Every structure is written in C-alpha cells, then in structure tokens.
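Presented below is the structure to which this report refers.
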Amino acid sequence: MPATDPRTQLLAGLPGPPPVTAASVAERVAASGRVLVVLDDDPTGTQSVHGVPVLTSWAEDDLAWGLQQGAPCVYVLTNTRALGPDDAARTNREVVTAGVAAARRLGVDVGFVSRGDSTLRGHFPLETDTITATLRELGEPVPDAVLVVPAFPDAGRITVGAVHYWCTGGTDGAEGTCTPVGETEFARDATFGFTSSDLRDWVAEKSAQPGGAGATATAASDVLALTLADLRRGPEAAAAVLRGARDGRVVVVDAADERDLRVLALAEELLTGEGQRFLHRVGPPFVRARVGMEERAPLTRDEVPTGDARGGLVVVGSHVGLTTRQLEQLRGGHRLADQVELDVAAVLDADRRDAHLAAVVDRLVAALADGDVVVSTSRVLTTGGDAAASLDIAVAVSRAVVEVVQGVVSRTTPRFVVAKGGITSSDVARYGLGIRRAVVRGPLLPGLVSLWEPVEGPAAGVPYVVFAGNVGDDGSLLAVVRTLSATP
C-alpha cells in the first residue's frame, strides 16, 4: 500500500495555497527599502536563506556593515537560547540599540525579527517584550502586533487551526505521523519545556512562567489566530484579520507551505503601507518568505570552497535522538580517522578537566592529518536538579567544546568544520573559530543545513556548516560530510 501523508488529513477541506511567487514579494519589499534585522537565538536560523550577511558580534559598526551589504535582511547570532533570562534580555537590548543607531546613521528603515525554534523552545515572550520595550525607550515606533509563526514546512513542522505539529514520514514508502508538538520530546526540554500544542494556549503558558512574562501574562482568549482558511483566501483577506491587531496583540499564524508565508508577507506589506508595524517570533523559513527570496538548491561539492587539507572536523553537541541516530549513520557509513567523545563527568570535574581536554585535542590534531574526525559529547544527557542547573551544565559542556575547537585550529587548519546542535553551532562559530562577520552561502540540504563563509579572522576560507540538532533524517549528517570530504 502507498504511504499515507498525515498532512493530507490535517488539510482536508482547505483550499490549496495561493500561487504566490517569491518574486512578487521581493518586488514589494524592494520598493519599501526596509531591511530586517534578525535576532537569531541560535545559528540554525540561517538554514533557509542564502547570500545574506550574518554577524556574531553586534557593535554599531557590525550592524552598519551588515546593513550596507545590499541584502534585504541581516542575521545577528545572539545565541540567547543558551543564556539565562537576564542575559537574554540584555543581549536583545544591545542588538536593538546598535541596530537602531546604525540604521539612523545610514538612513535605513529597519524592522526586527526574533527568530526562535520551530519546536517552540526559547525565551518567549521575554525576547519580543524586550525588543518592544527597547524600541519604546529609543523613541522608535513600537509594534502593533507580535506575530508568532513557528512553522517550518521543509522540516515537517506545520501549524493548522493554531495547533503546531511535528510531522514525519508519509513519503518514500514510510507511513507518516503528525504529532502535536506538546507531545514530542522537544516539549520535555529541560530548560524550555511546555505542554501546549495549541499556540494560543502555548502563548498563555509561556507568558505565565517565571522569567517569561512581560508586564502582564497573556490569556489564551486574548491571542488572535490567523488561520489557513484566512491565508488561502489571499493577502487582502489575511490583512483584514491583522488590521484589527493593535497595542502589541499576539497573533499566532498557521502555515503548511512556503506560499502560506508569502501570503502573510504580502498582507504585511499592505498594512505596512497603512502605517501598521509588526514584530515577529518565527521559525527558520519565515524570513526567506518575508523578503521574497527564492529557495536555493543545495550547494554541490564543486560549489563548496574547501581547501587542500586532508581532514574535516565534525563537532556534535546536540543530544536529541535524531542527532544520535545521525551520528551512528555517519560512523557506520563513512571512513573516519578517529572518533573522540568528551566525557561530561570529566568536563565537570575541575581536577580532571584540563588534562582530558588536552588529550582530546592531541588525538584530533593527529587524526586530521589522515582524514575526517568526529568529536562528540557523551550521548547520555546530564541534567541538573532544575532548569537553571541544567542550563549551567549545558554551558560548561559548550565551553569545553569551544576550547577543544580552539586548540585544534591553533595547530592545524581543517578542510571544513561541521557543528551539530544549536548551542554548539553558535559557540563554535563565535568562540571556537573566531567568526565575527560571515556570508551565508546557501544550504547543503534543502532548506535545512547552511554553509557560512567567514570573511575575516582565523576561520577565513574554512567552510563552516551549521547543522541543527532536530532537522534532517537519519542519513543527513552522513550526506553532508560526504559532500565536503576529501574521501566521499
């Protein structure tokens, strides 16, 4: 029997997405002259875009550089998903302040996007509340509405009837499932856990949590829903719903296809022309659709500027089950010169830490002369007694990973670096490789895994691959490494 795609049942009775092209959106965006500053809470948000600048530092001059690159958006890697609430709020204030200052200096109109996780992890509503408060303090217009758009159709995350789903299978002979996201492993995250799948309830749940609420908690009944039924009637119908959103009202938005997001983009452009302003909390593909960027085919082996080095470095920090399966596939399907595991217990033991990390660096440097190597954290996740303690452990492990990467690149130049996991990708980029400014060249898998080209610093010329922990199938990491490796 043919495989059943569960999305078909969820979308039964709804019209198909309108035939909205990326070019039609891009034309409207270009006419407005607005540039989006995307505060990316981990580096994986760049997986859906190409040809845009990305910053890991946010001094005013950095933002000015980004705004002058001629792209419709600039990504700023805040990595706030790895920070506590106070540091996350401080970082958001700093980026918005620098972004506004750079925009005023250059005479550029900017909008702000808070890029979060398509499986709903992260500091919401703290980050959007902080952006709004900072704009108000700076005398800038504040958003009339906060749009929550976590959908990531390329990766099987869709929102239908305000309920957010994780969908898998349904193609290539595999039976599919669509699971409400509140019932997945991501909802049990040690730091950002939740129970709700209906986004209206999720907004209320998150706003009521300690450290999450703004001035007041938001009731589910106060959250507006922009549904597929609205979007698939076209931009004017969607705009009619959004027109009533004022005073910072939260609006949760359905999407099951890239074209749904493009309809939203055109609806926003209509309302922006009327003076309405929006702030966004979104999943990865929103920005691509919002600026009218065409999807780019994955980079081929010939398009990746690898050097002459023999071995590439694969750094695995994510602990989700999918990452562990991907790592197993890589180990079984590709010749590796070495596989080294960071012992989390040793990392957390002050008496053993330094010697353990030094031994790991020595092994990796030696093996890179022969071929590709993997360094991974222990596959058993170590957590603390509460969310704060768990975050402290995650930060300590991430620092150890950074020190290992620093130690390796101080002694040899890898052919490429792949970082697996959101926090891991951010810390390896900013601290391990010293990347300050880069250009996102494009994906290595369709809409899922992005390759950065550092434009300065010690990593200049080394392809850097940002690979989220929760995307792809079991063979995706193997496929990426084969594309980059000297011995595919």
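Here, each number is a calculation from the coordinates, and none is a lab measurement. Keep in mind the model is a prediction, meaning the values are calculated, not measured. Virtual Cβ from ideal backbone geometry, glycine too; neighbours counted across all protein chains shown.
Working note: Karplus 6.51/-1.76/1.60 with θ = phi - 60° gives the range 135-145 the couplings 4, 5, 4, 8, x, 8, x, 9, x, 6, 8 Hz, where Gly and Pro are set to x.
Residues whose amide H lies under 5 Å from that of Cys167, counting only those 5 or more places away or on a different chain, are Arg157, Ile158, Thr179; hydrogens are built 1.01 Å from N in the peptide plane.
With +1 on the Cβ of every Lys and Arg and -1 on the Cβ of every Asp and Glu, and nothing else charged, how large is the dipole of the range 261-351 about its Cα centre, in debye rounded to the nearest 20? Spell out each step's value before the answer.
Values: 11 positive and 14 negative charges, 81 e Å.
Roughly 380 debye for the range 261-351.
In this structure the amide hydrogen of Val35, modeled in the peptide plane, comes within under 5 Å of the amide hydrogens of Asp109, Val110, Gly111, none closer than 5 places in sequence on its chain. Each of Gly457, Pro180, Gly193 was scored by the projection of its Cα onto the charge dipole of the chain, and the greatest displacement toward the positive side belongs to Gly457; charges sit on the C-beta of Lys, Arg, Asp and Glu.
The packing ranking, built from the mean of other Cβ atoms within 10 Å per residue, places the peptides 180-190, 24-34 in the order 180-190, 24-34, highest first. Dipole orientation for the chain: of the candidates Ala238, Ser390, Gly84, Ala238 has the Cα lying most toward the positive pole (charges on Cβ; Lys, Arg +1; Asp, Glu -1).
Between Asp61 and Ala309, the modelled labels are 2.7 nm apart [label points 7 Å from Cα along Cα→Cβ]. Taking the Cα centre of the chain as reference, the dipole from Cβ charges on Lys and Arg (+1) and Asp and Glu (-1) amounts to some 560 debye. If the rule is a partner Cβ under 4.7 Å, which cysteines in the chain fail it? Here Cys73 come out as lacking a disulfide-compatible partner, given the Cβ-Cβ threshold of under 4.7 Å. Close amide H pairs (under 5 Å, H built 1.01 Å from N) link Val340 with Val374, Val375, Ser376, residues at least 5 positions away or on another chain.
Estimate the FRET efficiency between Ala208 and Glu294 by the formula 1/(1 + (r/R0)^6), using the beta-carbon distance for r and 35 Å for R0, to the nearest 0.05. Rounded to the nearest 0.05, the efficiency is 0.30.
DSSP finds beta bridges in the range 6-291, and of those with both partners inside it, around 30 percent are antiparallel. The gain in end-to-end length when the Gln68 to Thr487 segment is fully stretched comes to 146.9 nm, 0.36 nm per residue minus the alpha carbon separation.
Order of 6-12, 117-123 by packing, highest average Cβ count within 10 Å first?
Per-residue mean Cβ counts within 10 Å order the peptides as 117-123, 6-12.
In this label model, Asp247 and Ala229 are separated by 2.7 nm, measuring between points 7 Å along each Cα→Cβ vector.
Calculate, in nm to one decimal, what Asp302 and Ala350 gain on full extension: separation in residues at 0.36 nm each, minus their alpha carbon distance. Kindly include the intermediate steps, with their values, before the conclusion.
Details: separation 48, 0.36 × 48 = 17.28 nm, distance 4.50 nm.
Length gained between Asp302 and Ala350: 12.8 nm.
Taking the Cα centre of the range 6-291 as origin and charging only Cβ (+1 Lys, Arg; -1 Asp, Glu), how large is the dipole, in debye to the nearest 20? Charge dipole, the range 6-291, about its Cα centre: 460 debye, nearest 20. Calculated from the structure at hand, Rg and Dmax of the Cα atoms in Å is found among [x] 25.6, 85; [y] 21.7, 64; [z] 24.5, 78 as [y].
Using θ = phi - 60° in the Karplus curve 6.51 cos²θ - 1.76 cosθ + 1.60, the 3J(HN,Hα) couplings for the range 110-123 round to 10, x, 10, 10, 9, 8, x, 9, 6, 10, 6, 8, x, 8 Hz; x is entered for Gly and Pro.
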